[in-house]
Amino acid sequence: MQTFTYYMPVKLYFGEGKLEKVGELAKSLGKRALLVTGKESMKKLGITDKVIKLLEENLVNVILYDKISSNPTVEVVDEGADIAKKEGCDLIIGLGGGSALDTAKGISVVASHGKSLWDYIGEGKVKENTLPILAIPTTAGTGSETTPYSVFTNKKILRKDAINSPYAFPKIAIVDPLLTKSMSPNLTADTGFDALSHAVEAYLSVNANPLSDMLAKKAITLIAGSLVEATKNGENLQARANMALASTLAGMAISQAGVVAGHGLGMSIGGILDTPHGRTVGILLPYIMEDNLPEASSKISQLASCFNIPSSGNVADDARKVIDAVKKMIDETALPTRLRDIGVSEKDIPKIAEDCMDRPDMANNPRKFDTERVKEFLKLIL
């Protein structure tokens with residue numbers, strides 16, 4: 001009998017218009033908030049000002065930190081933590097995509113415990129409570145609102161890596177699908193494939209369990225039915241809601257099971273070449289699924305129902321059909337299909353292979369990699 005643990009401490013508020021509750025929810029966590037967000041899109045859309053107004057109406061003082069861009073760095077987090085300490089903040093709010101939410105988590109850790117962000121990279125480095133985190137995702141991809149992970153880039157050593165701590169779970173997450181309607185088709189596809197990669201990789205992980213499988217399969221079903229539509233018709237609120245829910249569920253799944261080699265390789269590629277994360281892991285996804293067929297064809301075949309593929313009774317055939325369905329989604333959303341499309345060249349492969357091998361994601365993979373097999377694998381999909 002399989003044994004496992006399940007821990008999901010995030011209080012989730014999901015649905016259209018739930019952003020209106022941010023003031024009263026924030027007030028339950030603190031009185032002085034650092035609002036962590038990006039410089040442009042949230043401000044242009046009026047969302048930053050709306051959140052500030054709702055917070056202030058509930059007597060929550062706001063300090064704005066709007067320096068967040070994709071692939072957040074150590075320096076940005078450390079600066080934000082210094083501001084949070086100087087201003088006496090007792091609450092960190094992340095507003096935006098995964099980068100903003102991850103930065104909020106990192107700031108919470110550093111502001112609470114001192115040192116620098118990179119001192120806490122890895123698992124088990126954060127050993128006590130952090131400042132409470134309220135997460136408000138505006139994209140449907142990372143699922144950071146329901147994970148203990150936060151990913152950062154160290155440009156000095158060209159390494160992307162993560163904090164993994166139960167103390168980095170947000171206390172509250174507000175997932176309002178209305179906030180995702182402004183995403184461009186490209187961003188919708190990129191973030192959507194990040195969510196799909198999370199769900200599929202959690203499902204394939206050697207650490208998967210019955211509960212993580214349930215979450216992953218529901219996320220895959222929602223994405224299979226909605227990602228193409230959300231990409232082509234961003235005004236379709238039902239498709240947006242399905243993707244927002246799928247992203248959150250996929251975050252819950254990886255919180256229990258982790259991810260596999262698609263993310264292990266994707267993190268190394270992103271750290272070395274600063275590539276868009278969702279696009280990188282999306283390109284890798286069908287190839288990782290194919291590579292795992294010798295060890296996981298039966299499990300992959302069980303995803304056929306998520307894509308409305310009738311079972312043929314032949315495990316190998318059904319598994320191939322699932323992978324073909326993922327490739328079809330990539331084609332229909334115009335996601336790139338080769339690593340060279342995002343700037344990877346053959347000269348980068350040895351460094352990527354060297355960088356990825358110590359990542360737990362590689363150990364979670366059903367079919368094991370060594371450095372030479374990584375090199376051959378990457379050359380095939382270059």
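Would you check if Leu265 is buried (at least 24 other Cβ atoms within 10 Å of the Cβ), touching a Cys at 6+ places or on another chain (Cβ under 8 Å) and of a type in the set (A, V, I, L, M)? Even if it seems obvious, please write down each step before you answer.
Working: buried (at least 24 other Cβ atoms within 10 Å of the Cβ): yes; touching a Cys at 6+ places or on another chain (Cβ under 8 Å): yes; of a type in the set (A, V, I, L, M): yes.
For Leu265, the condition - buried (at least 24 other Cβ atoms within 10 Å of the Cβ), touching a Cys at 6+ places or on another chain (Cβ under 8 Å) and of a type in the set (A, V, I, L, M) - is met.
Taking the criterion of being open to solvent by 10 Å² or more (accessible area, probe 1.4 Å) and under 26 Å from Pro166 (Cβ atoms), would at least one residue in region 46-66 satisfy it? Before you say what the answer is, go through the steps one by one.
So in region 46-66, the residues open to solvent by 10 Å² or more (accessible area, probe 1.4 Å) come out as 46-47, 49-50, 52-54, 56-59, 61-64, 66.
Right, trim to under 26 Å from Pro166 (Cβ atoms) and you get none.
No, that holds for no residue.
Scanning region 313-341 for residues that are modelled with pLDDT of 95 or more and not in a helix (DSSP H, G or I) turns up Asn314, Thr333, Ala334, Leu335, Pro336, Thr337, Arg338. Which residues, counting only those in region 67-81, are open to solvent by 90 Å² or more (accessible area, probe 1.4 Å) and either part of a loop (DSSP other than H, G, I, E, B) or among the basic types (Lys, Arg) (or both)? If the condition is that a residue be open to solvent by 90 Å² or more (accessible area, probe 1.4 Å) and either part of a loop (DSSP other than H, G, I, E, B) or among the basic types (Lys, Arg) (or both), then Lys67 is the only one that fits. Consider region 119-150 and keep the residues that are in contact with a strand residue (DSSP E or B) (Cβ under 6 Å, 6 or more places away or on another chain) and farther than 19 Å from Ile93 by Cβ. The one that is surrounded by the fewest Cβ atoms within 10 Å (Cβ to Cβ) is Glu123.
What number of residues within region 82-117 are surrounded by fewer than 20 Cβ atoms within 10 Å (Cβ to Cβ) and within 17 Å of Pro166 (Cα to Cα)?
Filtering region 82-117 down to residues surrounded by fewer than 20 Cβ atoms within 10 Å (Cβ to Cβ) leaves 82-83, 85-88, 90, 112-116.
Subset that is within 17 Å of Pro166 (Cα to Cα): 112-113.
Total meeting the criteria: 2.
Taken as a whole, the condition of being open to solvent by 20 Å² or more (accessible area, probe 1.4 Å) and among the charged types (D, E, K, R) applies to Glu235. Among the residues in region 193-202, are any under 22 Å from Tyr13 (Cα atoms) and at pLDDT below 95? No, because not a single residue in region 193-202 is under 22 Å from Tyr13 (Cα atoms) and at pLDDT below 95.
For region 306-355, a residue qualifies if it is among the small types (Gly, Ala, Ser) and either surrounded by 15 or more Cβ atoms within 10 Å (Cβ to Cβ) or within 23 Å of the chain's Cα centre (by Cα) (or both), and the qualifying residues are Ala319, Ala325, Ala334, Gly343, Ala353. None of Leu245, Leu237, Leu284 is closer than 20 Å to Glu16 by Cα and out of contact with any Phe, Trp or Tyr (no Cβ under 8 Å at 6 or more places or on another chain) except Leu237.
In region 238-257, which residues are touching a residue at least 24 places away in the same chain (Cβ under 8 Å), buried (at least 24 other Cβ atoms within 10 Å of the Cβ) and small (Gly, Ala, Ser)?
To start, the set of residues in region 238-257 that are touching a residue at least 24 places away in the same chain (Cβ under 8 Å) comprises 240-241, 243-257.
Filter once more, keeping what is buried (at least 24 other Cβ atoms within 10 Å of the Cβ): 240, 243-244, 246-255, 257.
Listed by number, the residues that qualify are Ala244, Ala246, Ser247, Ala250, Gly251, Ala253, Ser255, Ala257.
Only one of the numbered conditions (1) open to solvent by 20 Å² or more (accessible area, probe 1.4 Å); (2) out of contact with any strand residue (DSSP E or B) (no Cβ under 8 Å at 6 or more places or on another chain); (3) not aliphatic (A, V, I, L, M) is not met by Lys11, and that is (2).
Filter region 208-232 down to residues that are of a type in the set (Lys, Arg) and over 21 Å from Gln2 (Cα atoms) and give me whichever is most open to solvent (accessible area, probe 1.4 Å). The residue in question is Lys232. Within region 176-207, restricting attention to residues that are among the small types (Gly, Ala, Ser) and surrounded by 24 or more Cβ atoms within 10 Å (Cβ to Cβ), which residue is farthest from the chain's Cα centre (by Cα)? If we take residues in region 176-207 being among the small types (Gly, Ala, Ser) and surrounded by 24 or more Cβ atoms within 10 Å (Cβ to Cβ), then Ser205 is farthest from the chain's Cα centre (by Cα).
Just name the residue that is nearest to Asn154 (Cα to Cα) out of those in region 96-116 that are of a type in the set (A, V, I, L, M) and over 19 Å from the mean Cα position of the chain (by Cα). First the steps, then the outcome.
Within region 96-116, the subset of a type in the set (A, V, I, L, M) is 100-101, 104, 107, 109-111.
If we keep only those that are over 19 Å from the mean Cα position of the chain (by Cα) as well, we get 110-111.
Working: Val110: 15, Ala111: 19 Å.
Taking the candidates together, the pick is Val110.
Pairing each residue of region 7-27 that is part of a strand (DSSP E or B) with any residue that is open to solvent by less than 30 Å² (accessible area, probe 1.4 Å), provided the two are 6+ apart or on different chains, yields C-beta distances under 6 Å for Lys11/Ile172; Leu12/Ala173; Tyr13/Ile174; Phe14/Val175.
Could you tell me whether region 128-136 includes any residue that is of a type in the set (Ser, Thr, Tyr), touching a residue at least 24 places away in the same chain (Cβ under 8 Å), part of a loop (DSSP other than H, G, I, E, B) and within 19 Å of Val74 (Cα to Cα)? Full working, then the answer.
First, the residues of region 128-136 that are of a type in the set (Ser, Thr, Tyr): 130.
Applying the additional criterion that residues be touching a residue at least 24 places away in the same chain (Cβ under 8 Å) yields 130.
With the extra rule that they be part of a loop (DSSP other than H, G, I, E, B), the set shrinks to 130.
Among the residues that remain, those that are also within 19 Å of Val74 (Cα to Cα) are: 130.
Yes, region 128-136 has at least one match.
Just to check your reading of the model, which residue among Thr138, Thr73, Thr103 is among the β-branched types (Val, Ile, Thr) and touching a Pro at 6+ places or on another chain (Cβ under 8 Å)?
On the way: Thr138 fails: touching a Pro at 6+ places or on another chain (Cβ under 8 Å); Thr73 fails: touching a Pro at 6+ places or on another chain (Cβ under 8 Å).
Just a single option satisfies the conditions, and that option is Thr103.
The values are calculated or read from the model by the stated rules, or taken from the named source; none is laboratory data. In this text the structure is predicted, and so the values were computed from the model without any measurement. Cβ coordinates were reconstructed from backbone atoms using ideal geometry, including for glycine residues, and neighbour counts include every protein chain displayed. Side chains included, ligands, DNA and RNA excluded: accessible areas come from the protein's heavy atoms. Shrake-Rupley method; radii C 1.70, N 1.55, O 1.52, S 1.80 Å.
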